[in-house]
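Everything below concerns the one structure shown next.
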Amino acid sequence: MASICLYFEVHQPIRLNRFSVFRIGNNNSNSSYFDRKLNQEIFEKVANKCYLPTNNLLLNLINEFDGKFKVSFSLTGTFVEYCEQFLPELLDSFKELFKTGSVDMIEETYYHSLSSLYDEMDEFEEQVRMHRKMIKNLFNYKPRVFRNTEAIFDNRIAKKVAEMGYKGIITEGTEKILHWRSPNYLYKPVNCDLKILLRNYTLSDDIGFRFSAKLWPGHPLTADKYANWMANNEGDLVNLFMDYETFGEHHWEDTGIFDFLSHLPGEVFKRQHLDFVTVSEATERYEPVGEIDAPWAISWADEDRDVSTWLGNDMQVACFNELKNIGRKVKEKGDEDMLNTWRRLQTSDHLYYVSTKGLQDGDVHAYFSPYDGPYDGFINYMNVLQDIKQKLD
Amino acid sequence: MKIAMIGWEYPPFKAGGLATHCYGLTRSLADKNVKVDFYMPKTKHSTSSDKPNLIIKEVGETEIFPYDRPDSKEIAGMFYDAVYRYNDLVVARVKENVKLKGKYDAVHCHDWLTMKAGIALKESMSIPLILTVHSTEYDRSGWLYPNKWFIDIEREGMENADRIIAVSHFTKRVITEKYGINPNKISVIHNAVYPISEGRKQEIVLFLGRLTIQKGAEFFLRAAGKVLDYEPDARFVVAGSGDMLPRLINQSLDMGISDKVIFTGRLTEDEVNHIYGISSVYVMPSVSEPFGITALEAISAGTPTIASKTAGFSEAFSNCLQIDFWDTDEMANKIISLLRYDPLRRTLAREGKREIELFTWDRVADKTIDVYSGVL
């Protein structure tokens, strides 16, 4: 028996306004840093193409298969804020999904930040608590499984997450930590008691990245073919983790992505030894088969599967350090609005836009970036940070 | 393979990218066993080749430069005559050479100046004509009052060419849209650079190019004024000569920044390399730029570069900053950011140098040989 664990990351960053050097020190309001119009536009566009139709489809599928089709979600705080501002009915539809009992919620940092990489873990803890509070308010639920921003994981993070009471943690099933071993089992960290769920990146990326790639030998990918691939995988679990925007946004409707999703549960249930589990159920049903040692941070991003996506060049490191320094001053000041602004600037996307990685990964970066390139991204972000710094002095 | 190539300028004589291109291309072709006879006007700087496959043939004498306008004072009245006379001389010289040394496989011309000769040779010797377009009359006039005489010659050359090489997709588009040429006979080959060594960096913001309407130096000065309000220690260098020099000097006086702007006039090759090496920012605010080899030169010397979005260079190169030439606020924003943020400068310099390694004359020669092979 193998269990399929489908989990979707649901996130939208709060993008910045164009902020030239000439605006530094001009008494800018905190809200003027953020491009409300662009953010609303993108959010509504993605909601219509992806969030609303996919939620609707998932609800139908759960009902059609009497709750045996199961999925898990991780909603970031910034995403939920967009829902509250622009589209409350989208939150309602997530609540409705959750009420079926076949949907699990995953914890993460409220701001989808890199706070797990700071020298002290206090900011990370605080942002996890904010997220916990948000999920409690929305769903009256306490998540048992944690997933750090972009699946960033190392021993230190695992230990902190275990201390905070979570049963499981999600990260990338990369050879860097697995070596010869399979991602289709649970593992535990070397230094604490926690169950690690590892993303099966081949099968996940078949949907997430390759689904609409006409040159890929697997194209066109049908639910039948894909269910066969999963059935042929050895192990307890097939962990399929991907951006929720895969459905309708990264792959548009005309690629057949929704047809694929709607046929998937039926094809899976045709195979007697396959079923679906939520992330919590996965950690309850199975036991770790080995240990994972991650002294250096890994992630699910780019080909490198490390943190070089956000901290890979001098510009990114400079912004990251500036951001940390500002944090100390913000906390001393005790200005709530400033604190919230600083936290919004911690969303990892801001540093992602500044990545100068090679062509192949770079193409993906360019697709998501609101800037003309990493250098423009740096100038804009750094200018905002400099303005905040001046306000604090 | 034996090519009769007809150019107008060749180092050490050099007024623009055409010379740089011909130099790099012919030397790399020679290394790849293509025999090239390069025909060019005799100048006071004599030039020669150290490669057996490459022979420089200097023809007659002329006062015309490829970037001259018919109305410029020194050559007024004799411009058109001089052009026709030179083309006739080239044709005679090539034919003479064929008698002595045998036939060419193809004739390859660069820009409008030698197109008449190229067409004549194609017809009389029944060999294919290849034409490289480094710029069009639209570029050189900054799209203001282009001269019909040049356009007609350019069109005639393009129509007669068996194959056209454009230095960018930007230029390919101009050739198809403004000259009505079939896009299928145009190949795009981006330019290349021989790297220049990096010097000890100073807080210098550099403009280097012909001071003509095409190159947009006036926008550079406007941005300089804005930068100086915020970064009073910055220095600006305008290197090059051209008909706009007096106007630009006046502009800097009117703006009250003449103590911060140095006009160097025309520089020698060593001086050019030196100034690239010690500058912290290079700006190429061209109004119309088919490619812009100077951007490659600056980056090869470790100098972060801000270039016009529409420049051919910008379509081919990632690790640079781009602006609209008229957007002097954004130009100033980027100059100031480069002066202030060391990590930005460092990353652009490092990533730029890495990317520049792809822009070799060896690659240009390979692609040019592909074009030759396609018509032979």
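The values are calculated or read from the model by the stated rules, or taken from the named source; none is laboratory data. All of these numbers come straight from a predicted model, not from anything done at the bench. Positions of Cβ are generated from backbone atoms using ideal geometry, with glycine treated the same way; all protein chains shown enter the neighbour counts. Protein only, heavy atoms only, side chains kept; ligands, DNA and RNA dropped before computing areas. Shrake-Rupley method; radii C 1.70, N 1.55, O 1.52, S 1.80 Å.
Consider segment A:1-51 and keep the residues that are of a type in the set (Phe, Trp, Tyr) and part of a helix (DSSP H, G or I). The one that is nearest to A:Phe69 (Cα to Cα) is A:Tyr51.
If you check A:Asn321, A:Asn380 for being open to solvent by 20 Å² or more (accessible area, probe 1.4 Å), within 13 Å of another protein chain (Cβ to nearest Cβ) and out of contact with any Asp or Glu (no Cβ under 8 Å at 6 or more places or on another chain), only one passes: A:Asn321. In the set (1) open to solvent by 10 Å² or more (accessible area, probe 1.4 Å); (2) away from chain B (no Cβ under 14 Å), the condition left unmet by A:Gln346 is number (1).
Just to be sure I understand, how many residues within segment B:5-28 are hydrophobic (A, V, I, L, M, F, W, C) and either touching a Leu at 6+ places or on another chain (Cβ under 7 Å) or farther than 28 Å from B:Arg140 by Cα (or both)?
Result for segment B:5-28: 1.
The residues of segment B:338-357 that are surrounded by fewer than 24 Cβ atoms within 10 Å (Cβ to Cβ) and within 16 Å of B:Val205 (Cα to Cα), listed by number, are B:Leu339, B:Arg340, B:Tyr341, B:Asp342, B:Arg345, B:Arg346, B:Ala349.
Return a yes/no flag: does segment A:355-371 have any residue that is outside the structural domain of A:Thr174 (by TED's automatic domain parsing), of a type outside the set (S, T, N, Q) and modelled with pLDDT of 95 or more. Among the residues of segment A:355-371, not one is outside the structural domain of A:Thr174 (by TED's automatic domain parsing), of a type outside the set (S, T, N, Q) and modelled with pLDDT of 95 or more, which makes the answer no.
Comparison of A:Thr149, A:Thr222 shows that the only residue that is at pLDDT 95 or above and over 21 Å from the mean Cα position of the chain (by Cα) is A:Thr222.
Does B:Lys309 satisfy the condition of being closer than 17 Å to A:Phe378 by Cβ and either open to solvent by less than 20 Å² (accessible area, probe 1.4 Å) or within 13 Å of chain A (Cβ to nearest Cβ) (or both)?
Here the answer is no, as B:Lys309 does not meet what is asked.
When the residues of segment A:75-90 are filtered to those that are outside any helix (DSSP H, G or I) and aliphatic (A, V, I, L, M), the one that is surrounded by the fewest Cβ atoms within 10 Å (Cβ to Cβ) is A:Leu87. Is it the case that A:Leu58 is closer than 30 Å to A:Gly266 by Cβ and open to solvent by less than 10 Å² (accessible area, probe 1.4 Å)? Answer is yes for this residue.
The set of residues from segment A:1-40 being within 14 Å of another protein chain (Cβ to nearest Cβ) and over 24 Å from A:Thr109 (Cα atoms) comprises A:Arg18, A:Phe19, A:Ser20, A:Val21, A:Phe22, A:Arg23, A:Ile24, A:Gly25, A:Asn26.
Selection of strands (runs of 3 or more DSSP E) fully inside segment B:252-327 by the criterion of at least 2 residues being under 24 Å from B:Glu355 (Cβ atoms) returns B:281-284, B:305-308, B:321-323. Scanning segment B:291-302 for any residue that is within 14 Å of chain A (Cβ to nearest Cβ) and free of Cβ contacts under 8 Å to residues at least 24 places away in the same chain turns up nothing. For beta carbons closer than 8 Å, sequence separation of 6+ or different chains, a first residue in segment B:6-33 that is farther than 27 Å from B:Gly242 by Cα and a second that is open to solvent by 10 Å² or more (accessible area, probe 1.4 Å) and basic (Lys, Arg), the qualifying pairs are B:Arg27/B:Lys51; B:Ala30/B:Lys51; B:Asp31/B:Lys51. Give segment B:134-191 a look and list any residue that's touching a residue at least 60 places away in the same chain (Cβ under 8 Å), among the charged types (D, E, K, R) and under 22 Å from B:Leu296 (Cβ atoms), or say none. Correct list: B:Asp139, B:Arg140.
Hey, could you check segment B:313-342 for residues that are closer than 12 Å to A:Ile379 by Cα and of a type in the set (Val, Ile, Thr) and say which is farthest from the other protein chains (Cβ to nearest Cβ)? That would be B:Ile335. Of the residues screened, A:Asp314 is one that is outside the structural domain of A:Arg23 (by TED's automatic domain parsing) and modelled with pLDDT of 95 or more.
Scanning for something among the hydrophobic types (A, V, I, L, M, F, W, C) and more than 30 Å from A:Gly312 (Cβ to Cβ), does segment B:327-345 turn up at least one residue? Within segment B:327-345 (the criterion being among the hydrophobic types (A, V, I, L, M, F, W, C) and more than 30 Å from A:Gly312 (Cβ to Cβ)), the answer is no, since none of the residues qualifies.
Quick check: is even one residue across segment A:285-303 at pLDDT 95 or above and either in a helix (DSSP H, G or I) or of a type in the set (Lys, Arg) (or both)? Among the residues of segment A:285-303, at least one is at pLDDT 95 or above and either in a helix (DSSP H, G or I) or of a type in the set (Lys, Arg) (or both), which makes the answer yes. Within segment B:344-365, residues that are away from chain A (no Cβ under 13 Å) and more than 12 Å from B:Ile299 (Cα to Cα) reach partners that are open to solvent by 20 Å² or more (accessible area, probe 1.4 Å) and part of a loop (DSSP other than H, G, I, E, B) with beta carbons closer than 6 Å, at six or more positions or on different chains, in the pairs B:Ala365/B:Lys32.
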